[in-house]
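These notes concern the structure reproduced below.
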Amino acid sequence: MKKKLCSICVLLVSVFIFSCKSSAHFPIPGEKKVTQAALHAEYLSLADAYAELEKYDKAIQYYKLAMHDKNLYWNALYKLGRAYALSKNWGDAKDAYEKLLKRDPQNMSLKLSLAYIQAMSGDLEKAKSAYESLIREQQENETPLVNYIVILLAQEEIDAAAAQLTLLKERFPENASISEFEKRIDDAREKNAVESEEDEAPGSADSSDADATPAAAEL
């Protein structure tokens with residue numbers, strides 16, 4: 001019996017030693033999880049490297065792979081949204097930042113980024129609403145006010161833009177965009193005045209018909 005037990009012990013030790021040499025037969029507890037975590041971390045590093053090289057299509061692929069690790073998910077999603085924005089994929093960038101902001105609704109940096117993305121994607125009404133809120137919430141930050149004026153000018157809301165420019169001068173008198181905004185507002189008002197005089201002039205209906213084609217060409 002004793003000899004039999006010794007033989008079993010020798011066999012068990014032999015199996016253990018063999019198993020250590022071949023993890024396929026004797027896997028280490030948690031090894032797969034550790035390996036996957038390392039792999040997803042590598043995906044994130046690769047994505048960062050591609051983003052640094054401005055190869056955003058490749059970066060986006062690897063950020064998506066990194067997101068499969070729940071510990072990296074939000075970090076990878078933020079960087080994914082940024083890669084979308086830098087590659088001017090405004091639709092997907094907006095989706096990513098909306099998801100991030102839903103998780104962290106008080107994050108001012110995310111709010112600013114989303115407002116900018118909304119403006120660049122052509123969703124000017126949402127962008128205006130976002131900037132209006134940011135102007136109230138971040139009175140020490142000139143960026144929301146400057147971008148709000150840009151949108152108002154783009155929509156030819158000249159009086160509203162002039163009112164916001166007055167606010168910009170009060171809060172940030174050294175802002176570099178002030179002179180440009182003043183010129184654009186003056187030019188727009190002068191243009192409107194000229195157009196108003198032409199409309200009131202005799203035969204203005206005929207002249208407006210003649211100008212129809214050039215106006216359409218400008219669009």
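The table for this structure:
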read-out: Protection proxy ranking of 74-87, 170-183 - average other beta-carbon atoms within 10 Å, highest first; value: 74-87, 170-183
read-out: Rel. contact order, % - alpha carbon contacts under 8 angstrom, at least six apart, the range 112-169; value: 26
read-out: Relative contact order of the range 72-196, pairs being alpha-carbon contacts under 8 Å that are 6 or more residues apart, as %; value: 14
read-out: Rg/Rg_ref, the range 38-166, where Rg_ref = 2.2 N^0.38 Å and atoms are Cα; value: 1.20
read-out: For the range 109-166 and the range 37-82, distance of Cα centres in Å; value: 31
read-out: Mean Cβ count within 10 Å, highest first, over the residues of peptides 102-114, 124-136, 58-70; value: 58-70, 124-136, 102-114
read-out: √(5λ) per eigenvalue of the Cα gyration tensor, the range 137-185, largest first, Å; value: 16, 12, 9
read-out: Violating pairs (Cα-Cα greater than 28 angstrom) within the set LYS79/LYS128; LYS55/LYS111; LYS58/LYS126; value: LYS58/LYS126
read-out: Area accessible to solvent at THR166, 1.4 Å probe radius, in Å²; value: 70
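The values are calculated or read from the model by the stated rules, or taken from the named source; none is laboratory data. This one's a predicted model, so the numbers in the text were calculated from it and none came from an experiment. For neighbour counting, all protein chains shown are included, and Cβ atoms are generated from backbone atoms with ideal geometry for every residue, glycine included. Accessible surface is based on the protein model in full, side chains and every heavy atom, while ligands, DNA and RNA are left aside. Shrake-Rupley method; radii C 1.70, N 1.55, O 1.52, S 1.80 Å.
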